[in-house]
1. Hey, can you tell me all the residues within region A:199-251 that are exposed (fewer than 14 other Cβ atoms within 10 Å of the Cβ) and either charged (D, E, K, R) or outside any helix (DSSP H, G or I) (or both)?
2. Might you check whether a residue that is more than 20 Å from B:ASP148 (Cα to Cα), assigned by TED's automatic domain parsing to the domain that holds B:SER23 and among the basic types (Lys, Arg) occurs anywhere in region B:200-215?
3. Filter region A:10-46 for residues that are open to solvent by 100 Å² or more (accessible area, probe 1.4 Å) and of a type in the set (Ser, Thr, Tyr); which is nearest to A:VAL225 (Cα to Cα)?
4. Those residues that are within 9 Å of A:ILE131 (Cβ to Cβ), open to solvent by 30 Å² or more (accessible area, probe 1.4 Å) and not β-branched (Val, Ile, Thr), I need them from region A:167-186; list them, please.
5. Would you pick out the residues in region B:198-222 that are in contact (Cβ under 8 Å) with a residue 12 or more places away in the chain and either of a type in the set (Val, Ile, Thr) or assigned to a strand (DSSP E or B) (or both)?
6. Quick one: in region B:116-144, which of the residues that are hydroxyl-bearing (Ser, Thr, Tyr) and either more than 11 Å from every other protein chain (Cβ to nearest Cβ) or in a loop (DSSP other than H, G, I, E, B) (or both) is farthest from B:ALA176 (Cα to Cα)?
7. Could you check how many residues of region A:1-39 are within 24 Å of A:GLY211 (Cβ to Cβ) and of a type in the set (Ser, Thr, Tyr)?
Amino acid sequence: MRALAPFVLLAVLLAAWEIACRTMDVPVYFLPPPTAVGAALLANLPTLVAAAWNTLAVSLIALVAASLIAQALAILTALSPLLDRAVRPLASVVQVTPVVAIAPLVLIWAGLDHPERALVALAVLVAFFPIFSGAVAGLRSADPDLERLFDLYGASRWQRVTRLRLPAAVPFLLEGHKVGAGLALIGAVVAEFGAGSGSVRGLAWLILDAGARLQTDRMIAALVVLGAMGVAVHAVLERIEQAGLRWWRGR
Amino acid sequence: MTLAALTDVVVDYPRGRALGPFSLSLRAGETVALVGPSGCGKSTALRLLAGLEAPTTGRVERTPGRGETAVVFQAPTLAPWLSARANVALPLELAGAADACARADAALARVGLASHETARPAQLSGGMAMRVSIARALVTDPRLLLLDEPFAALDEITRRSLADDVLALWSASKPAIVFVTHNVEEAVYIAARVVVMTRGPGRVAGVFETPGPLPRPPGFRVTPDFRATVEQVSAALAEGIVA
């Protein structure tokens with residue numbers, strides 16, 4: 001019963017929407033009824049899936065790139081206090097700058113012929129910070145007494161990072177990647193909007209394109225796909241995080 | 001032969017004095033207990049002996065080289081992502097020893113955990129995790145073994161059996177042991193010499209030789225000699241807290 005509750009609410013809302021559209025004669029270009037959205041969803045399924053895949057691919061590539069850059073930088077800051085001082089304020093600047101504000105600049109740098117590079121770069125910028133700050137916090141989270149043991153046995157800096165601090169950081173890294181993946185998806189969509197129509201044909205492009213033609217049912221269908229994709233990505237990462245934590249804790 | 005010595009050491013932290021002036025001399029193969037109230041600087045004295053910290057003033061002499069000192073902390077302090085075997089092998093692997101796994105298994109067998117090599121710390125009871133921690137300390141065959149309230153979080157039965165285990169392990173390879181505790185009975189049971197500390201910043205409030213052989217024979221806890229020493233040490237401890 002509890003598991004069904006959100007679906008019941010959804011069904012009630014959809015029914016109310018449908019009835020309101022029909023009884024009040026709302027123009028279809030203003031607000032199409034759910035049935036029309038459903039029809040648009042089915043009619044445009046191949047385009048929608050292709051667009052969703054484009055957006056997803058951009059965010060996955062961005063997630064991998066952000067993961068590598070963020071972890072490498074975090075390890076460097078763990079190895080050298082001086083680098084730590086240098087890198088962390090700059091990382092914060094990346095975090096507080098809105099991606100839409102940088103988008104035009106990055107699009108120019110990537111060049112008109114390669115808008116997909118700009119999209120990846122922008123999604124990387126958004127996904128970078130949660131992974132970096134998670135890694136930095138995780139690398140400092142090792143038990144202080146274990147750190148003392150490493151002192152006692154004369155461990156090198158490298159041994160300390162690879163044998164103690166990185167493994168101790170795993171729960172923080174899992175959390176950072178979960179948040180980072182969600183943000184990479186949002187970043188990819190926002191960057192597509194920034195790039196405007198005629199660029200990579202992702203979901204945002206589809207929404208802009210449909211909006212320009214006043215095809216509201218297609219717009220909402222694209223939104224539905226975007227929402228479903230977000231939920232699916234979150235669910236997958238939640239699973240990965242749980243499995244990773246179970247492995248790390250040993251139960 | 002003196003293995004390690006603290007001479008008139010004082011340790012000042014930004015928030016105040018933590019220890020001293022305090023002196024302690026340790027012979028090879030000797031078992032010494034440090035007893036004192038919470039916050040008297042027992043753990044600080046231990047870190048000085050381990051070479052993990054330097055005193056503000058005073059002299060620290062240590063003859064054990066790198067890898068010849070081992071510490072057991074209040075918590076088992078095991079890496080949760082490693083098996084019991086990998087945890088015990090860690091000190092050897094950091095030193096680049098080739099036969100780390102075999103020696104780790106042997107150390108685990110010595111503390112009675114021969115069939116738990118692949119268990120993760122989360123799968124072990126508190127007492128078993130502490131045994132793994134002791135195995136990790138013993139795996140390098142240290143000349144100086146420092147135990148910082150190792151059994152504080154365990155129940156009385158487990159504490160007693162671990163105290164016997166520590167003494168049995170001590171009699172096998174005779175490392176010098178410094179055992180920090182706030183439990184007087186445990187101190188008198190484990191150590192040949194009990195150093196009582198005042199409340200912080202700790203000084204020496206009294207030194208007591210304990211009677212009887214080490215390891216302790218069965219029923220030692222109810223002998224009059226043992227009870228009398230416990231009472232003497234308790235009285236000195238009470239005096240040190242008031243003073």
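1. A:ARG213, A:LEU214, A:GLU238, A:ARG239, A:ARG246, A:ARG251
2. no
3. The qualifying residue nearest to A:VAL225 (Cα to Cα) is A:TYR29.
4. Answer for region A:167-186, where residues must be within 9 Å of A:ILE131 (Cβ to Cβ), open to solvent by 30 Å² or more (accessible area, probe 1.4 Å) and not β-branched (Val, Ile, Thr): just A:HIS177.
5. Listed by number, the residues that qualify are B:THR198, B:GLY202, B:VAL204, B:ALA205, B:GLY206, B:VAL207, B:PHE208, B:GLU209, B:THR210.
6. Of all residues in region B:116-144, those hydroxyl-bearing (Ser, Thr, Tyr) come to B:118, B:125, B:133, B:140.
Pick out the ones that are also either more than 11 Å from every other protein chain (Cβ to nearest Cβ) or in a loop (DSSP other than H, G, I, E, B) (or both) and you get B:118, B:125, B:140.
Details: B:THR118: 30, B:SER125: 28, B:THR140: 14 Å.
The qualifying residue farthest from B:ALA176 (Cα to Cα) is B:THR118.
7. The qualifying residues number 2.
Every residue, every condition in (1) open to solvent by 60 Å² or more (accessible area, probe 1.4 Å); (2) over 20 Å from B:PHE151 (Cβ atoms); (3) not assigned by TED's automatic domain parsing to the domain that holds B:GLY20, yes or no:
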| site | (1), (2), (3) |
| --- | --- |
| B:LYS42 | no, no, no |
| B:VAL72 | no, no, yes |
| B:ALA84 | no, no, yes |
| B:ALA89 | no, yes, yes |
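The values are calculated or read from the model by the stated rules, or taken from the named source; none is laboratory data. Please read these numbers as outputs of a predicted model, since none were measured by experiment. Positions of Cβ are backbone-derived with ideal geometry, glycine not excepted, and every protein chain shown enters the neighbour counts. Each accessible area value is taken on the protein alone, full model and side chains, heavy atoms only, with ligands, DNA and RNA left out. Shrake-Rupley method; radii C 1.70, N 1.55, O 1.52, S 1.80 Å.
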